[in-house]
Amino acid sequence: MFRRMDEDMHWHFSNAAGDGTMRHPVDSLSWSQINSRWPEFASEQRNLRLGLSTDGMNLFSIQNTKYSTWPVLLVNYNMSPTLCMKAENIMLTMLIPGPTAPSNDIDVYLQPLIEDLQDLWSEGSEVYDAFSKETFSLRAILMWTISDYPGLGTLAGCKVKGKQACNVCGKDTPFRWLKFSRKHVYLCNRRRLPPGHHYRRRWSWFDNTVEEDTMPRIQTRVEICEQLKDFRNDFGKALDKKGKRKRSGLCEDDELSEDEHDEHSDTWRWKNRSIFYDLPYWKNMPVRHNIDVMHVEKNVSDAILSILMQSSKSKDDLKSRRDLEDMGIRKNLHAQRVIDPEKLVALETELIETLCQLERFFPSSLFDIMFHLPIHLSRETRLGGPVHFRWIYPFERYMKTLKAFVKNFARPEVCMAEGYMAGECLAFCLEFLKTSAPDWENTNCNEDREPDEIVLEGRPIHKAKTVILTETEREIAHRYVLMNTAMFTPYVSSRPIPVSSVSSRPIP
Ligand SMILES: [Zn+2]
């Protein structure tokens, strides 16, 4: 471990904000819970706190091919906010090869990584610290995963569409089936308003009902863990929808969810018991899978813009109007404000009111799961800290870097792995040279000689050897020296050299 890196690794220990504000995950509830639950882990400042991100990428830059490779990236949160999400801090741990997305079987691919993380948690890895000149046992904890919403379903092993599409609400997801648009939508935002709020009684603004329900309780991590205890995983099953996953997230979930039975049970939403539960600490993590703000804001603003601009992607079509007729509600169009990440509690209330307003004016077919997820963002920010440490932007950008490594389209994953390794080696060499070469070697070779105006003297870079010049070469060298010597400068000008003291007219 290099000296500079060593200082960076300690950043989190002395830089937590003391005033209750949040500017780094170090100020989040998750971080302090790790500290209080595992004080021994927290006492070693160099121990790593990691985040994992993965998403499918199409290596061939052709939009209509379905090739999907999943790089699994780790990021280290020990460092300062400016360094934390930089590309050089992102580690490529594995590549899940294409051509199809790993889908349910992702756990099989992740197994070696999870085993390494288990080792890093229980025993740690022997690391030499060049700063304190000692060997110590480096341990690591995985705090959460960062992915788009379908990716979240893959990593968490839960459903992300249909009646229990919300990974936070589970069986209390407020779904509604639109029989003409043939899709599930997620309304009922009014139940999150304070009990006496006037929107609750405004039946004519919404779906012709007075809202009596209150906000459902969120399942605790202990309950989820208990539910999944005996879950039987079924890997390698042929998935008929392989590769059908939409890259842009969940914009077009027009398909019926396939299995409709037993859908009110708590376990219905689980597809498998995620391999992350093999990590001994995973069940204690407050935020395990982040809802990605990048995809939510993209999909929500795309949908609102296309509905306002009446583009071809608009969800406001004849079928959605028929759904409105079916529900007996209004259909005026109006835009609302954007989200401000500060003042979380006030923001949450404001957001719910905004969503209620949207619900009031826009057709219900608009309200896919992407319009429901923002509700949980303030809770996740409370638990996990600022969103720009938990969103997918830096990882998506990094995937562009990985893509640039692909030169041989027959072996794209190998190109990426080798490109990454070469980059890592170069970074280590540079770091090594920065610190290992003594200062005097970096200075100019000729600086230790006093420059002389008449005699040009230098020092050979290599061992000197004798060369006999031809007459022409000698002539050229002689002229070169003359033309580059300070005392000749007045003579080397556009003017002719004065031959006598009598001034002559300059030739233009
Ligand atoms: Zn929810």
Revision key, fill the gap. Those residues of the range 138-177 which are within 13 Å of the ligand (Cβ to nearest atom) and without any contact (Cβ under 8 Å) to a residue 40 or more places away in the chain amount to F175
Review point. Any idea which of (1) buried (at least 21 other Cβ atoms within 10 Å of the Cβ); (2) touching a residue at least 40 places away in the same chain (Cβ under 8 Å); (3) away from the ligand (no atom under 16 Å from the Cβ) is the one F180 doesn't satisfy?
Key: (1)
Check your understanding: Given the conditions (1) within 17 Å of N299 (Cβ to Cβ); (2) of a type in the set (S, T, Y); (3) within 16 Å of the ligand (Cβ to nearest atom), which single one is not true for S365?
Key -> (3)
Review point. Out of the residues in the range 1-23 that are closer than 18 Å to T135 by Cβ, not aliphatic (A, V, I, L, M) and not in a helix (DSSP H, G or I), which is modelled with the highest pLDDT?
Key: H10
Point to revise | Out of D368, D340, sole residue that is within 27 Å of the chain's Cα centre (by Cα), of a type in the set (D, E) and at pLDDT below 85 | key: D340
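Report yes if L95 is at pLDDT 85 or above and over 20 Å from P412 (Cβ atoms), otherwise no.
no
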Exercise for review: Please work out if C225 is within 15 Å of the ligand (Cβ to nearest atom) and touching a residue at least 12 places away in the same chain (Cβ under 8 Å).
Suggested key: no
Check your understanding: Are any of the residues in the range 64-82 assigned to a loop (DSSP other than H, G, I, E, B), more than 23 Å from L383 (Cβ to Cβ) and free of Cβ contacts under 8 Å to residues at least 12 places away in the same chain?
Key -> yes
Review point. So which residues in the range 183-205 are in contact with a helix residue (DSSP H, G or I) (Cβ under 6 Å, 6 or more places away or on another chain), more than 16 Å from the ligand (Cβ to nearest atom) and touching a residue at least 24 places away in the same chain (Cβ under 8 Å), if there are any at all?
Key: Y199, W205
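The values are calculated or read from the model by the stated rules, or taken from the named source; none is laboratory data. Keep in mind it's a predicted model, so treat the numbers as computed, not measured. Because the Cβ atoms are built from the backbone with ideal geometry, glycine has one as well, and the counts that use them run over all protein chains shown.
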